[in-house]
Amino acid sequence: MVDVVNGLTSGTTTTPQKTDSAAMISSDFQTFLLMLTTQMQNQDPLNPIESSDYAVQLATFSGVEQQVKSNQLLAGLSAQIGLLGMAQFASWVGMEARAAAPVLFDGVTPVTLSPNPHVGASRAVLVTVNALGQEADRRDVAVSAEPVNWTGTSSTGTAFMPGKYSFYLESYDASGAQLSNEMVEAYATITEARGGAGGTTLVLSGGATVAADAITAIRAPTGANQM
């Protein structure tokens, strides 16, 4: 079951609570008035405080009060903008996203990989890593950026168990020197969109989380990566 958090599915939004800040401003204002009154009562009668000084103090406190209220308003606007930013990704839930992240293999459905060999490479090796971070397989693949369907079978013909897998592409030049070792992007189903201080995060089938701006492609569901 997929969902979109922060109330997007129900159309509700939340706003920051202002009660504590409002109470603090009220308390500070009462304290300020008490201090100002005490200052007036205890001033030197031979050298009274100028009325302009009182005006400056009042203006200063008023400025601070307005700044606090402005900060509250900006915080509220920021939260609303964040929700709007996440809302645009709500339609992605159920779609398949391409990203450099671990992929859930259901034991049957092939996983679409998008290798990206290093420029100048003459040999490419696809390395499969299991959920424990252990190398499970390696095989030579075409030096091409064309998509590859990983069927869950090792280079020796052994079938992989269902679970999460990561893929890396090692690129080598003609002399055999390694040029790069990069994580391969793969397609996985988006199950949830989450909003946060750092922006929108998408949850993929299997539990992997990816920043929305790290997604490089979106496609309609093909039945891949679903249990």
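Residue count for the stretch 113-124, restricted to those that are in a loop (DSSP other than H, G, I, E, B), under 19 Å from Ile215 (Cα atoms) and polar (S, T, N, Q): 1.
Of all residues in the stretch 188-216, those satisfying the criterion of being under 29 Å from Ala121 (Cβ atoms), open to solvent by 30 Å² or more (accessible area, probe 1.4 Å) and among the aliphatic types (A, V, I, L, M) are Ala211, Ala214. For the stretch 96-112, the candidate set comprises residues that are assigned to a strand (DSSP E or B) and of a type outside the set (Asp, Glu); within that set, the residue that is most open to solvent (accessible area, probe 1.4 Å) is Arg98. Among the residues of the stretch 86-143, those identified as among the hydroxyl-bearing types (Ser, Thr, Tyr) and within 18 Å of Tyr187 (Cβ to Cβ) are Ser91, Thr109, Thr112, Ser114, Thr128. Of all residues in the stretch 150-170, those being under 30 Å from the mean Cα position of the chain (by Cα) and under 12 Å from Val127 (Cβ atoms) number 7.
For the stretch 190-200, indicate whether the set of residues that are within 17 Å of Ala100 (Cβ to Cβ), modelled with pLDDT under 95 and in a strand (DSSP E or B) is non-empty. Yes, the stretch 190-200 contains at least one residue that is within 17 Å of Ala100 (Cβ to Cβ), modelled with pLDDT under 95 and in a strand (DSSP E or B). Could you list all residues from the stretch 103-152 that are in contact (Cβ under 8 Å) with a residue 60 or more places away in the chain and of a type in the set (Phe, Trp, Tyr)? Result: Phe105, single match.
Could you look through the stretch 151-167, keep only residues that are among the hydroxyl-bearing types (Ser, Thr, Tyr) and assigned to a strand (DSSP E or B), and pick out the one that is surrounded by the fewest Cβ atoms within 10 Å (Cβ to Cβ)? That would be Thr153. Scanning the stretch 124-143 for residues that are surrounded by fewer than 17 Cβ atoms within 10 Å (Cβ to Cβ) and of a type in the set (D, E, K, R) gives Glu135, Arg138, Arg139, Asp140. Taken together, Glu146, Glu185, Glu170 contain a single residue that is of a type outside the set (A, V, I, L, M), surrounded by 12 or more Cβ atoms within 10 Å (Cβ to Cβ) and farther than 16 Å from Ala97 by Cα, which is Glu170.
The values are calculated or read from the model by the stated rules, or taken from the named source; none is laboratory data. Quick caveat: nothing in here was measured; it's all calculated off a predicted structure. Because the Cβ atoms are built from the backbone with ideal geometry, glycine has one as well, and the counts that use them run over all protein chains shown. Note: accessible area is taken over every heavy atom of the protein model, side chains too, but ligands, DNA and RNA are not part of it. Shrake-Rupley method; radii C 1.70, N 1.55, O 1.52, S 1.80 Å.
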